[in-house]
Amino acid sequence: MQTRIVKTDGLNQQILEAGDGPLVLLIHGFPELGISWRAQVKALAEAGYRAVAPDMRGYGGTDKPAEAEAYSVLDLVGDMVDLVRALDETTCTVVGHDWGAPIAWHCALMRPDVFTAVAGLSVPFQPRRPGGRPTPIMAAMAKRAGLGELYINQFQDPEHHRIFEADVAGGLRKGFYAYDGATPPDRQSTGFIAPGHDFLSEVAEDATLPPWMSEAHHAEYVAAFTAGGFKGPLDWYRNIDRNWALTAFLQGRRIHQPSMFIVGEKDPVRHYAGQHEATLKDWLTDLRSQTVLPGAGHWLQQERPAEVNRLLLDFLTGLTPQ
């Protein structure tokens with residue numbers, strides 16, 4: 001397993017990689033890094049695949065453009081297309097977790113010639129729908145349900161990343177704790193924020209690291225986000241409405257490649273995106289498996305590495321050899 005910089009069009013991308021064979025690209029979410037996939041990189045390499053986990057645009061050792069507009073879904077999919085090329089490959093299977101899942105789904109949706117199979121963890125495919133932009137719709141849904149404001153709406157504030165930068169170690173600890181399957185249900189986040197609070201103030205001050213996260217692993221995240229900050233990662237959220245405007249050409253389009261989906265039974269994302277799980281088979285025409293991991297929370301590939309590795313390898317071995 002090695003870490004290196006790959007130069008792509010206009011972006012230097014840091015990747016974690018191992019193995020030889022068909023390429024599997026592993027896309028992380030927020031607040032994660034390529035190292036979030038260590039267990040999968042190792043398992044896939046041992047099984048005969050070339051596993052590559054990049055630090056995504058704005059994260060870790062990868063470049064961090066200053067402009068918020070540089071973090072649209074078109075930019076992020078383009079990064080992955082060009083990373084495949086820079087790795088001297090022409091096709092791959094793409095796997096995404098959290099924010100990485102929508103990027104993986106859009107990779108498959110927009111470039112089926114490159115991304116010949118797709119897997120999503122935590123966040124189901126959500127088709128573009130006419131008649132409104134996502135953040136106002138989500139805000140309206142939250143208000144009707146009496147749940148408070150969805151954190152994604154707070155993240156639209158161009159200065160909101162500073163709440164994380166004020167205490168990087170504490171903010172990461174709270175974030176991992178609030179979305180973990182081992183956290184008691186009454187202390188888990190729902191994603192909806194009460195008046196006068198924010199994503200971090202909602203979480204108890206005595207929050208601990210999840211059982212799967214060592215102090216040393218936590219320190220790796222702290223070092224990366226202390227150096228790189230949180231503006232780039234939150235700029236992904238600040239492009240949600242813009243992404244809707246940019247993707248009118250995808251209206252009604254389905255994913256026809258082999259696909260799979262995994263979610264934790266206790267994943268807080270299900271409070272605000274879970275309704276899309278029921279319609280996955282309508283939009284993923286070759287959905288090979290859809291799995292709910294009992295008792296698991298949001299950080300699936302790190303909480304339950306053995307189960308996630310088994311499911312991914314079952315999916316990969318069922319594909320036609322590339």
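The values are calculated or read from the model by the stated rules, or taken from the named source; none is laboratory data. Only a predicted model underlies this, so the values are computations on that prediction, with no experimental measurement involved. So basically every Cβ, Gly included, is an ideal-geometry build from the backbone, and we count neighbours across all protein chains shown. Surface areas here come from the heavy atoms of the whole protein model, side chains and all, with no ligands, DNA or RNA. Shrake-Rupley method; radii C 1.70, N 1.55, O 1.52, S 1.80 Å.
Going through Leu313, Leu250, Leu234 one at a time, which residue ends up being surrounded by 13 or more Cβ atoms within 10 Å (Cβ to Cβ), closer than 30 Å to Ala45 by Cα and among the aliphatic types (A, V, I, L, M)? Among Leu313, Leu250, Leu234, only Leu313 is surrounded by 13 or more Cβ atoms within 10 Å (Cβ to Cβ), closer than 30 Å to Ala45 by Cα and among the aliphatic types (A, V, I, L, M). In region 258-270, the qualifying residues are those that are open to solvent by 20 Å² or more (accessible area, probe 1.4 Å) and in contact (Cβ under 8 Å) with a residue 12 or more places away in the chain, and the one that is nearest to Gly181 (Cα to Cα) is Lys266.
The C-beta contact set for region 23-38 (first residue under 25 Å from Thr317 (Cα atoms), second residue acidic (Asp, Glu) and assigned to a helix (DSSP H, G or I), distance under 7 angstrom, 6+ apart or interchain) comprises Ile35/Glu220. Here Ala70 clears all of (1) assigned to a strand (DSSP E or B); (2) within 24 Å of Leu246 (Cβ to Cβ); (3) not polar (S, T, N, Q) except the condition numbered (1). Taking the stated definitions as given, is Val292 surrounded by fewer than 17 Cβ atoms within 10 Å (Cβ to Cβ), touching an Asp or Glu at 6+ places or on another chain (Cβ under 8 Å) and hydrophobic (A, V, I, L, M, F, W, C)? Judged against the criteria, Val292 is a match.
Only a single criterion out of (1) open to solvent by less than 10 Å² (accessible area, probe 1.4 Å); (2) within 20 Å of the chain's Cα centre (by Cα); (3) polar (S, T, N, Q) is not satisfied by Thr190, namely (1). In the set Gln2, Gln13, only one residue is without any contact (Cβ under 8 Å) to a residue 24 or more places away in the chain and either under 24 Å from Ala224 (Cα atoms) or open to solvent by 30 Å² or more (accessible area, probe 1.4 Å) (or both); that residue is Gln2. Of the residues contained in region 206-227, one or more are found to be over 20 Å from the mean Cα position of the chain (by Cα), outside any helix (DSSP H, G or I), more than 19 Å from Gly60 (Cβ to Cβ) and free of Cβ contacts under 8 Å to residues at least 24 places away in the same chain. Within region 273-289, the set of residues being open to solvent by 30 Å² or more (accessible area, probe 1.4 Å) and not polar (S, T, N, Q) comprises Ala278, Lys281, Asp282, Trp283, Asp286, Leu287, Arg288.
Selection within region 16-53: residues that are of a type in the set (Gly, Ala, Ser) and over 19 Å from the mean Cα position of the chain (by Cα). The member of this set that is surrounded by the fewest Cβ atoms within 10 Å (Cβ to Cβ) is Gly48.
Of the residues examined, Asp241 is not one that is at pLDDT 95 or above, over 17 Å from Ser122 (Cα atoms) and not aliphatic (A, V, I, L, M). Of all residue pairs spaced 6 or more apart or on separate chains, those with beta-carbon atoms under 7 Å, a first member in region 285-304 that is without any contact (Cβ under 8 Å) to a residue 40 or more places away in the chain and a second member that is part of a loop (DSSP other than H, G, I, E, B) and basic (Lys, Arg) are Thr285/Arg254; Leu293/Arg304.
In region 1-52, which residues are within 19 Å of Thr93 (Cα to Cα) and among the basic types (Lys, Arg)? Scanning region 1-52 gives Arg38, Lys42, Arg50. Taking region 95-122 as the range and being open to solvent by less than 10 Å² (accessible area, probe 1.4 Å), among the β-branched types (Val, Ile, Thr) and closer than 17 Å to Thr285 by Cβ as the test, only Val118 passes. Within region 181-205, the residues that satisfy the criterion of being assigned to a helix (DSSP H, G or I) and without any contact (Cβ under 8 Å) to a residue 60 or more places away in the chain are Asp186, Arg187. Return yes or no: is Phe225 buried (at least 20 other Cβ atoms within 10 Å of the Cβ), modelled with pLDDT of 95 or more and touching an Asp or Glu at 6+ places or on another chain (Cβ under 6 Å)? No: the conditions fail for Phe225.
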